[in-house]
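A.B. asks: My questions will all concern the structure given below.
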Amino acid sequence: MAGVEFIPSQIFLTASSSLDKYPGKQQHAQNVARKLGANNGLLYLPGQGKVFREDSDMEVPFRQRRYFYYLSGVDEPDCHLTYDIRRDVLTLFIPPINPERVIWSGRGSTVDEAYDKYDVDRVQLSDAVSETVAKWTKKNIGTVYILHPTQEAFPGQNKLPRVDFTRLQMAIDHCRVIKDPHEIKLIRKANEISADAHRTILTNVRGLTNEAQVEGIFKDMCISKGAKHQAYAPICGSGENAATLHYVKNDEPLEGRQLMVLDAGAEWELYASDVTRTFPLHGEWSEEAQATYSLVQSMQEACIKKIKPGVRFLDIHALAHQIAVTGLLELGILHGGNAKEILEAGTSLAFFPHGLGHHLGLETHDVSDTPINSVWTYQDPTCEKVRSGLVTELCKAPVDARSGGLEEGMVVTVEPGIYFSRFAIQQFLQSPEHSKYINKEEVEKYYSVGGVRIEDNILVTAGGYENLTTAPKGEEMMRMIR
């Protein structure tokens, strides 16, 4: 493309991963059984089958069910698994070879190949799964655990007395919160690829003319490194679009825009990265953009330093709001009160409306068994509205109700932001409780900035944390742009 010195990368695809075999049984299935507290029972999970678009013979791109993958490590369609708790036997059921499908789409694993690739004890063909589960139910007194009533192994199974579809999901959620070394390797690899893609954007951004080009180049770099899937739809918001948290249209020109929020991360072997960088599109910051970036940078640095086992994540979230309010007062965007009064009113939510972060793993917003505002240790009432104003569905808390806070092996995002959404701020200006604290004349200067978000993926370690994200930010980022 004109004005862009972008050189396509070599393809680095290989037949199999260099990482170790995924520990579906040894780490995951056995841990889930212990969490269930059952000495006898059968876990049954179906994988994702082939799905076609509505009124079409075209397939929807395959995406494996994450709960199934967690216990199997199998990223192939139309498979099933059972885990016999008492016998400690994990059985994978794979579809029989269909000659017509092989001609059109290629074949899946054979029985022998499945034994070699996956952490399983037995491999059978999937046409035997219903009979196998039914026979187990008749011969054993234990419970059959399934995720949902719609995922029964044979018709009418979920109406049987020894079938439980209420406990398995919670047990797996509990186990998925703590990542084992293999999972951490996969998240680290996803971050390495994402960092390369972010670097490519930074070195080429001054020659780009549209948000769509940013998305295209980012995806191209990830695919060239073997990461064919994005963990989520890339967010390439320029100008005032940077104030929309999940902006995914990515189709507007960059001319006349100050900043871009690029929130994009590759997926590696089903594990996500989630990386956000904000940068000037034309080489230098405006005064307002620089001030906003510096504030968000200070928020993130202070919050990351607090990460360690035992710390409550929501307490760190409250710290981010305290730093935000202090900074916005110094910039003159907030006025008419002190930091305590403004925090107590919850006015900072006009500029920082989302949670500080979430779990990361098989999902970008990975599972946990505790919603974001269910654990809260702050006694200071000035932070109450900051807590209660969160949209809990969008962000789950990296805490466990049975623990004192963060735990070793958790992977969480730390992603503070300051946004100047005209629509959102106008809602606050309509309230006398908030409008007295917002300097309308000063904030008008910042609407063209849009917003700033910086996001890294943090592993909680025994002694504190490790930042898994290596994409440039701060001065290193600016040297690449200039």
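The values are calculated or read from the model by the stated rules, or taken from the named source; none is laboratory data. From a predicted model like this one, the values you see are computed outputs, not experimental measurements. Counting neighbours? That spans all protein chains shown, and the Cβs are built from the backbone with ideal geometry, glycine included.
A.B. asks: Keeping to the stretch 218-230, report how many residues are in contact (Cβ under 8 Å) with a residue 12 or more places away in the chain and surrounded by fewer than 20 Cβ atoms within 10 Å (Cβ to Cβ). Give the derivation first.
C.D. replies: Step one: filter the stretch 218-230 for residues in contact (Cβ under 8 Å) with a residue 12 or more places away in the chain, giving 218-222, 224-227, 229-230.
Adding the requirement that they be surrounded by fewer than 20 Cβ atoms within 10 Å (Cβ to Cβ) leaves 219-220, 224, 226, 229.
The qualifying residues number 5.
A.B. asks: Within the stretch 331-381, how many residues are modelled with pLDDT of 95 or more, polar (S, T, N, Q) and part of a loop (DSSP other than H, G, I, E, B)?
C.D. replies: 2
A.B. asks: Any idea which of HIS317, HIS358 is closer than 30 Å to LYS185 by Cβ and in contact with a His (Cβ under 6 Å, 6 or more places away or on another chain)? Before the answer, list the steps.
C.D. replies: Working: HIS317 fails: in contact with a His (Cβ under 6 Å, 6 or more places away or on another chain).
Every option except HIS358 fails the conditions.
A.B. asks: Give the residues of the stretch 63-96 that are out of contact with any strand residue (DSSP E or B) (no Cβ under 9 Å at 6 or more places or on another chain) and closer than 14 Å to VAL123 by Cα, sorted by residue number.
C.D. replies: Selection gives GLY73 alone.
A.B. asks: Same structure, new question: Starting from residues that are touching a Lys or Arg at 6+ places or on another chain (Cβ under 8 Å) and outside any loop (DSSP other than H, G, I, E, B), keep the ones in the stretch 63-78 and report whichever is nearest to VAL367 (Cα to Cα).
C.D. replies: Looking at residues that are touching a Lys or Arg at 6+ places or on another chain (Cβ under 8 Å) and outside any loop (DSSP other than H, G, I, E, B), I get TYR70.
A.B. asks: LEU314 fails exactly one of the following numbered conditions: (1) surrounded by 22 or more Cβ atoms within 10 Å (Cβ to Cβ); (2) part of a helix (DSSP H, G or I); (3) of a type outside the set (Asp, Glu); (4) at pLDDT 95 or above. What is the number of that condition?
C.D. replies: (4)
A.B. asks: Something else now. Please go through the stretch 88-113 and pick out each residue that is within 23 Å of LEU71 (Cα to Cα), without any contact (Cβ under 8 Å) to a residue 24 or more places away in the chain and either β-branched (Val, Ile, Thr) or surrounded by 12 or more Cβ atoms within 10 Å (Cβ to Cβ) (or both). Working first, answer last.
C.D. replies: Of the residues in the stretch 88-113, the ones within 23 Å of LEU71 (Cα to Cα) are 88-96, 107-113.
Those left that are additionally without any contact (Cβ under 8 Å) to a residue 24 or more places away in the chain: 107, 110-113.
Correct list: ARG107, THR110, VAL111, GLU113.
A.B. asks: Under 8 Å between Cβ atoms, which residue pairs at least 6 apart in sequence (or on different chains) link something in the stretch 181-193 that is over 14 Å from LYS225 (Cβ atoms) and at pLDDT 95 or above with a partner that is part of a helix (DSSP H, G or I) and not charged (D, E, K, R)?
C.D. replies: What qualifies is HIS182/GLN27.
A.B. asks: Here is a list: LEU186, LEU208, LEU245. Which entry is aliphatic (A, V, I, L, M) and surrounded by fewer than 20 Cβ atoms within 10 Å (Cβ to Cβ)?
C.D. replies: Details: LEU186 fails: surrounded by fewer than 20 Cβ atoms within 10 Å (Cβ to Cβ); LEU208 fails: surrounded by fewer than 20 Cβ atoms within 10 Å (Cβ to Cβ).
On inspection, the qualifying residue turns out to be LEU245.
A.B. asks: Is there a residue being at negative phi, among the hydrophobic types (A, V, I, L, M, F, W, C) and either part of a loop (DSSP other than H, G, I, E, B) or under 31 Å from the mean Cα position of the chain (by Cα) (or both) anywhere in the stretch 107-117? Spell out the reasoning first.
C.D. replies: Our first condition is that a residue be at negative phi; within the stretch 107-117, this holds for 107-117.
Subset that is among the hydrophobic types (A, V, I, L, M, F, W, C): 111, 114.
From what's left, either part of a loop (DSSP other than H, G, I, E, B) or under 31 Å from the mean Cα position of the chain (by Cα) (or both): 114.
Yes, some residue in the stretch 107-117 is at negative phi, among the hydrophobic types (A, V, I, L, M, F, W, C) and either part of a loop (DSSP other than H, G, I, E, B) or under 31 Å from the mean Cα position of the chain (by Cα) (or both).
A.B. asks: Which residues, counting only those in the stretch 89-120, are hydrophobic (A, V, I, L, M, F, W, C) and in contact with a helix residue (DSSP H, G or I) (Cβ under 8 Å, 6 or more places away or on another chain)?
C.D. replies: LEU90, LEU92, PHE93, ILE94, VAL120, listed by residue number.
A.B. asks: Can you work out which of the residues in the stretch 19-54 that are assigned to a strand (DSSP E or B) and more than 25 Å from the chain's Cα centre (by Cα) is nearest to PHE93 (Cα to Cα)? Walk me through how you get there before you give the answer.
C.D. replies: Looking only at the stretch 19-54, we keep the residues that are assigned to a strand (DSSP E or B), and these are 41-46, 52.
Within this subset, residues satisfying the condition of being more than 25 Å from the chain's Cα centre (by Cα) are 41-44, 52.
On the way: GLY41: 18, LEU42: 15, LEU43: 13, TYR44: 11, PHE52: 22 Å.
Step by step, filter the stretch 19-54, then rank; the result is TYR44.
A.B. asks: Would you confirm, using the coordinates I've provided, whether ARG453 is of a type in the set (Lys, Arg), crowded, with 17+ Cβ neighbours inside 10 Å and closer than 19 Å to GLN290 by Cβ?
C.D. replies: Values: of a type in the set (Lys, Arg): yes; crowded, with 17+ Cβ neighbours inside 10 Å: yes; closer than 19 Å to GLN290 by Cβ: yes.
For ARG453, the condition - of a type in the set (Lys, Arg), crowded, with 17+ Cβ neighbours inside 10 Å and closer than 19 Å to GLN290 by Cβ - is met.
A.B. asks: Also: Can you give me the ranges of the strands (runs of 3 or more DSSP E) entirely in the stretch 382-462 with at least 2 residues that are at pLDDT 95 or above and among the β-branched types (Val, Ile, Thr)? Explain how you work it out, then say what you get.
C.D. replies: Working: elements: 411-414, 417-419, 451-453, 456-461.
Once the strands (runs of 3 or more DSSP E) in the stretch 382-462 are filtered for at least 2 residues that are at pLDDT 95 or above and among the β-branched types (Val, Ile, Thr), what remains is 411-414, 456-461.
A.B. asks: Sort through ILE178, ILE223 and tell me the only one that's touching a Gly at 6+ places or on another chain (Cβ under 6 Å) and farther than 24 Å from GLY474 by Cα. Even if it seems obvious, please write down each step before you answer.
C.D. replies: Working: ILE223 fails: touching a Gly at 6+ places or on another chain (Cβ under 6 Å).
Answer to the check: ILE178.
A.B. asks: Go through the stretch 127-139 and count every residue that is of a type in the set (S, T, N, Q) and surrounded by fewer than 17 Cβ atoms within 10 Å (Cβ to Cβ).
C.D. replies: Taking the stretch 127-139 first, the residues of a type in the set (S, T, N, Q) are 130, 132, 137.
Right, trim to surrounded by fewer than 17 Cβ atoms within 10 Å (Cβ to Cβ) and you get 130.
Of the residues in that region, 1 qualify.
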